[in-house]
Structures are given as C-alpha cells and as structure tokens.
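Peer 1: After the structure tokens below, expect a handful of questions from me.
The values are calculated or read from the model by the stated rules, or taken from the named source; none is laboratory data. Because the structure is a prediction, the values reported are computed rather than measured. Here Cβ is always computed from backbone atoms with ideal geometry, including for glycine, and neighbour counts include all displayed protein chains.
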Amino acid sequence: MKEIVFAGFGGQGVLTSGLIVSEIAVSNGMNATWIPSYGSAMRGGTANCTVKFGNGRIFNPAQEKPDVLLAMNTPSFNKFIDTVAPNGTVIVNSDMVEYDPKVREDVKYVDVPCQTLAKEINHSKGANIIMTGVILKSIGEFTDQQAIDGMNAMFDKKGKGKFKEMNTKALKIGLTQI
C-alpha cells in the first residue's frame, strides 16, 4: 500500500491532486481512500489530504507514515516533514518552499518549480497537476496513459472536462520531471 500526503495553502489544488491519484488507483482496480483536512478559510488557509491506495484492504485511512509528501509551501513542509517514512520522497514546490535538506537526510527530495512550469504553458492553475504527475512518476505504480486517463475521468465526473487538453499537457510535464 502507498500513502501520500498532499499539503499546501487552500487554493493550491492539493485536495484536487489527491482526488486525481485516488481516481487513478480506483480506475485501475485498486482500493483507495482520500481524507481531506482544511482550515475554516479555504483559500489562503492550510489544506492537506491523505491518500492511501493498494490492492489489499485499507484498514486505517488516517495518516500514518506517508511514502510521499507533496509540500506546496514552507509551512506545509515544516508541518509534515517529520511524518515521512524513512527512505520516502518529499516533492517540493521550489517556487515557494525554502528548506534545509539536512532536516531529513533519510528522504529523497525532488524540487520542482511547478508554478514557473505552469506559467510557461499558460495554465495558471496547472501547478498542482504538474506536481501530481511528479508524484505519479515517483511512485511508479501506473503507466503514463493510466495516469492521463484516470485524471481525465475524474475531471469528466466533476464536469470539468473542458480543461482536458491543458490538464493533460500539465500532467505530462510533471511525468517528465523525475
């Protein structure tokens, strides 16, 4: 089973990123849970979610020791860095997060300037989609096509299929960052 924590400010799309990964897992025959947590002020406040997925039963959907942490801002990095399992991966929004890699020398850091990359493709809300691609590539459970199909299925269910082309482009960029 894989466990991922997605963390950032409200409005950065971390809850959506978690939903995407959950949908990809379910659409590929796995079990998945998605547990969101956010402050009273969604935009600008803190937001995070925990996603667990795998072939077996998920006995505890709550956060335990994530294999992967997505840190979209410095407060999220600071809050969750100590929860990451040894030999886990910390994916960092290098446009916003400053950190000392010596804080945890037993994890792998992946720095991605996701906001810069999103601006380059004129997808101002695509930073989280790029980071979702990075996460998917780092865990290595799904093919690129499974990732794209699962993401698009999730957005189609939510009536947001009109952004399919831009979101697919953003996800593909994320899939190439590792």
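Peer 1: Look through 108, 157, 137 and report the one residue that is of a type in the set (Lys, Arg) and in contact with a strand residue (DSSP E or B) (Cβ under 6 Å, 6 or more places away or on another chain).
Peer 2: 108 is the lone residue from the list that is of a type in the set (Lys, Arg) and in contact with a strand residue (DSSP E or B) (Cβ under 6 Å, 6 or more places away or on another chain).
Peer 1: I'm trying to understand the selection: among the residues of segment 6-34, which are in a helix (DSSP H, G or I), of a type outside the set (A, V, I, L, M, F, W, C) and within 24 Å of residue 46 (Cβ to Cβ)?
Peer 2: Within segment 6-34, 16, 17, 18, 22, 23 qualify.
Peer 1: Which residue, of 99, 109, is surrounded by 13 or more Cβ atoms within 10 Å (Cβ to Cβ), at pLDDT 95 or above, farther than 20 Å from residue 133 by Cα and aromatic (Phe, Trp, Tyr)?
Peer 2: None of the others qualify; the one that does is 99.
Peer 1: Turning to a different aspect of this structure: Could you say whether any residue in segment 58-65 is surrounded by 14 or more Cβ atoms within 10 Å (Cβ to Cβ), of a type outside the set (Asp, Glu), at pLDDT 95 or above and within 13 Å of the chain's Cα centre (by Cα)?
Peer 2: no
Peer 1: A further question on this structure: For residue 125, all conditions in the list (1) touching a Gly at 6+ places or on another chain (Cβ under 8 Å); (2) crowded, with 16+ Cβ neighbours inside 10 Å hold save one; what is the number of the exception?
Peer 2: (2)
Peer 1: Right, next: Just to be sure, is residue 13 small (Gly, Ala, Ser), in contact (Cβ under 8 Å) with a residue 12 or more places away in the chain and touching a helix residue (DSSP H, G or I) at 6+ places or on another chain (Cβ under 6 Å)?
Peer 2: Yes.
Peer 1: Counting residues that are closer than 14 Å to residue 23 by Cα and of a type outside the set (Phe, Trp, Tyr), which helices (runs of 4 or more DSSP H) fully inside segment 112-178 reach at least 1?
Peer 2: Passing ranges, in order: 127-139, 144-157.
Peer 1: Suppose the filter is within 17 Å of residue 25 (Cβ to Cβ) and crowded, with 19+ Cβ neighbours inside 10 Å; does residue 143 pass it?
Peer 2: So residue 143 fails the test.
Peer 1: From the list 89, 116, 132, which one is surrounded by fewer than 16 Cβ atoms within 10 Å (Cβ to Cβ) and touching a Ser or Thr at 6+ places or on another chain (Cβ under 9 Å)?
Peer 2: The match here is 116.
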